[in-house]
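Structure, as structure tokens:
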Amino acid sequence: MEAKIEDIGVILPEAEELTRPAVDEAKVYELVIIGGGPAGLTAAVYSARKRIDTLLVTKDIGGQVLLTSDVENYMGYYYITGKELIEKFKHQVRQYPIAIKENAEVIRIGKEDKTFTVETSGGGSYRTKAVIIASGKRSRPLNVKGEKELVGRGVTYCSVCDAPLFTGLDVTVIGGGNSGLTAVVDLVKIANKIYLIESLSSLKADPLLVERADRSGKVEKFLGYEVMEILGETRVSGIKIKSTQTGEIQTLAVQGVFIEIGLIPNSGFAKGVVELNGWGEIVVDCACRTNVPGIFAAGDVTTVPEKQIVVAAGEGAKAALSAYGYLLGES
């Protein structure tokens, strides 16, 4: 028979949130974490549990997860919204004495001897013995009317996260590269009809992905078309597109818009400091180490494949443990 908690006399008190330490520009922190998404928040918890004096600097808490209306592939939850998941992350972080500087965008990392300086656009400057960069990526936007207003209400940037929400519906995928065709393949078994829109006259994706899309019989391509507007009041109801050759304008009735025109790493402040690849991602090894001793990186901003919440969280844990090992060696 499975033992119950009350059977073995264990009482689990409700955790109380600690008073957050004040941010102190005069001190030298042991660790500064840049970024408040899953990687950064997980790194913060792991560093606090190792009693590392930590400052978390972030533009916002949540990052890309806040753009995901529903999450169905994070272990421990059959279903949870992106906002709810981040609230749980935040609650756990608050159980530890971690200083947090919010609404701060990092613009530069400097180095002097064995100390790093993290500077923000608001004029803040924070010294530290080690750094974890977990600043994530941002979706490349279309910048068309209706896009911002309908994010999370039919407009999405993640087919892996959100495809199941569009079961039996008509959708459009914007982008003819590998990410766009991967989204199409994800949607083939889920959506009723898929309109693929690409501004160029041909697709840039791998032939195997294109073949899989074609075999489905569900995909209608609009090559050489640009998006003019995403339509809808409270939810997406359609999309307006225009031919780049003839100027013809068409309106497609859809309930979902998957924008897959690429991601932009939030790594500009690290350029010239650590090694970046051709896409601007920070190059890391399997222990989240960059080419600069004392600087670690985790999550979507790195070269680690598969940009997923659970992957980012795991990488954040690894980065914090690696930073701990580094600090032990420096003490």
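The values are calculated or read from the model by the stated rules, or taken from the named source; none is laboratory data. In this text, all values refer to a predicted model and were calculated from it rather than measured experimentally. Backbone-built Cβ (ideal geometry, glycine too); neighbour counts: all protein chains shown.
Rundown of residues vs (1) assigned to a strand (DSSP E or B); (2) among the β-branched types (Val, Ile, Thr); (3) at pLDDT 95 or above, yes/no style:
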site	(1), (2), (3)
160	no, yes, no
173	yes, yes, yes
209	no, no, no
229	yes, no, yes
239	yes, yes, yes
250	yes, no, yes
Meets criteria (more than 29 Å from residue 46 (Cβ to Cβ) and hydrophobic (A, V, I, L, M, F, W, C)) for residue 104: no
Residues (touching a Gly at 6+ places or on another chain (Cβ under 7 Å), more than 24 Å from residue 325 (Cβ to Cβ) and of a type in the set (Gly, Ala, Ser)) located in region 95-135: 104
Residue in region 76-84 that is in contact (Cβ under 8 Å) with a residue 24 or more places away in the chain and either surrounded by fewer than 21 Cβ atoms within 10 Å (Cβ to Cβ) or closer than 23 Å to residue 324 by Cβ (or both) present: no
In region 89-122, the residues that are loosely packed, with under 13 Cβ neighbours inside 10 Å and of a type in the set (D, E, K, R): 102, 112, 113, 114
Strands (runs of 3 or more DSSP E) contained in region 1-110 and holding at least 1 residues touching a Pro at 6+ places or on another chain (Cβ under 7 Å) and at pLDDT 85 or above: 99-101
Odd one out for residue 252, checked against (1) crowded, with 17+ Cβ neighbours inside 10 Å; (2) without any contact (Cβ under 8 Å) to a residue 40 or more places away in the chain; (3) not aromatic (Phe, Trp, Tyr): (2)
